[in-house]
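These notes concern the structure reproduced below.
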Amino acid sequence: MGRQLHIGLSLSPTWLKGRPADDPEGGSGEDPTAFYLALTRMAERAKLDFVFKADYLVMYPGMGGGAVGLDPTLMMAAIARGTDRIGLVTTVSTSFNPPFVVARQIQSLHWISRGRAGLNIVTSIEGAENFGDEPMPPPETRYRKAAEFTDVMRRLWRSYPHEALTGAAAAAAIDHRGSFFSVRGPLNIPAHAAGQPPLFQAGASEIGRDFSSSIADATFAAAPDREAAIELRGDLRRRAQGHGRSADSVRVLPGLYFFLAATREEAWALHARAHAHLTPEQRRKSVKTVLGLDLGDLVPTARVTATMLPPRDAPVRSRTHAELLRRFVEAKEPTVAELLARPEVVGSAHWVSVGTVDDVLADIVDWFEAGALDGIIALPGGSLESLRLFLDELVPALVRRGLFRAEYQGATLREHLRLAEEE
């Protein structure tokens, strides 16, 4: 069969831009679970590996006008009852949750979905004010906590083995005492026959890459161009081996922010409308927030050079996004206009592809054959029709090329991701 793509769908409705979230199957936006369930059913009909939901622990301006921001784990539990095969990947912050509670929630979702649960582990970059008076810890502390959290959670999943249901094994305490957590165990819900829920991670900074390569089954990669994706995938594979894992143990899945239409002109019009609300002033402010670089009065044609970049340890909102934009400047020395058009600046650090089904298909095949990815997480842009074209036309085109399956070969997320026995 050869190597095939893994494909997931992000349930964050990027095409809404503050508009009401009407059910794609014709209902109203009164029931947000119906909206997300309809999207998931569309993805399941296309035989996608999973749907994925990010999470935010703060209220951003404009969030109130779009889809209701449901807790993703509760939402996935509701979706599980209305679907059969597709994987359900939720998101949890290790900075603000105890591992016992999360281990129990995710194992519960695993049972409710019959082995289709997955967990995206994030360390969070903001939100501390909603959990106490302490400021947000530095990245090094957050990742050390995340590593301990993940170890404890996995040990809890193993503490009540599935075989205990038949008397072939017994539950046992883990008696963990660490820098951040003290957990006796065992977990009070048994492991599912499908094995442990796969783990996802999205860190692309230096410390994030090391963490992701040590624990993740799949990485939701921020890769704005093919060269960045090739470098990231190669680095994660090398780091995985350094952690005693196989190079293939981490599936690198760049986010693909696509704008599809019947013609290229229509697709670019969708892209322009999606970002028309961002003025040049707002974009310049975004550069300062993301990169720490004040463009001042530089004209659009002026070059932004590596010598203008602030120190790497300058305070920024996201180290991952800052590093991506920094590498672009160092490699290309773009004009101010080119910098202001970058995905990291207009709200996404992901790969953007605009055009017809054939155009975006060619991009995916090119990246796959170049070794830039193991699959993609689809981020629909512009309109619901863009998503329909992706699922109804682009995915079948990948099937015809032998790059994606025509039917599900298994019933669990581990089977969809072709994961070997647990490490």
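The values are calculated or read from the model by the stated rules, or taken from the named source; none is laboratory data. Every value quoted in this text rests on a predicted model; they were computed, and no experiment measured them. Every residue, glycine as well, gets a Cβ built from its backbone with ideal geometry; the counts of neighbours run over all protein chains shown. In case anyone asks, the SASA skips ligands and DNA or RNA and just uses the protein heavy atoms, side chains included. Shrake-Rupley method; radii C 1.70, N 1.55, O 1.52, S 1.80 Å.
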At a 1.4 Å probe radius, carbon and sulfur cover how many percent of the accessible area of the chain?
52 percent
Any chance you could give the angle, 0 to 90 degrees and rounded to 10, that helix 139-159 forms with the longest Cα principal axis of the chain?
30 degrees
Which number do you get for Rg(Cα) / (2.2 N^0.38 Å) in the chain?
0.98
In nm, to one decimal, how far is the residue 263 label point from the residue 163 one, both placed 7 Å along Cα→Cβ?
6.5 nm
Debye intensity ratio I(q)/I(0), log10, segment 256-317, q values 0.19 Å⁻¹ (C-alpha model)
-0.86
On a 0 to 90 degree scale, rounded to 10, what angle separates helix 357-369 from the longest Cα axis of the chain?
60 degrees
So, in Å, what gap is there between the alpha-carbon centers of segment 264-313 and segment 75-139?
33 Å
Set 47/332; 288/332; 47/285; 53/145; 285/332, cut-off 30 Å on Cα-Cα distance; pairs above it are 47/332; 47/285
Charge dipole (debye, nearest 20) of segment 336-423; +1 at Cβ of Lys and Arg, -1 at Cβ of Asp and Glu:
160 debye
Neighbourhood charge, 10 Å Cβ-Cβ cut-off, centred on residue 415 and excluding it, Lys, Arg +1 and Asp, Glu -1
+3
Rounded to the nearest 500, what is the chain's calculated 222 nm mean residue ellipticity when only DSSP H runs of at least 4 contribute -39500 (n - 2.57) each, over all residues?
-11500 deg cm²/dmol
Principal axis box of segment 173-234, alpha-carbon based, largest edge first, Å
47, 32, 15
Whole-number Å³ per residue for the convex hull built on Cα positions in segment 271-392:
129 Å³
The extension gain from residue 384 to residue 227, computed as 0.36 nm times the residue separation minus the Cα-Cα distance, is 53.6 nm
Going 7 Å from the Cα of residue 273 along its beta-carbon direction, which residues of segment 384-423 have the amide nitrogen within less than 16 Å of the resulting point?
384-389
Here the residues of segment 211-255 lying in the modelled label zone of residue 331, meaning backbone nitrogen under 19 Å from a point 7 Å along Cα-to-Cβ, are 220-239, 252-255
Length gained, residue 294-residue 282, 0.36 nm per residue minus C-alpha separation, equals 3.1 nm
For the chain, find the longest principal axis of its Cα atoms and tell me its angle to the long axis of helix 99-112, 0 to 90°, nearest 10.
80 degrees
Linear extension gain, residue 303 paired with residue 84, 0.36 nm per residue minus alpha-carbon span
73.6 nm
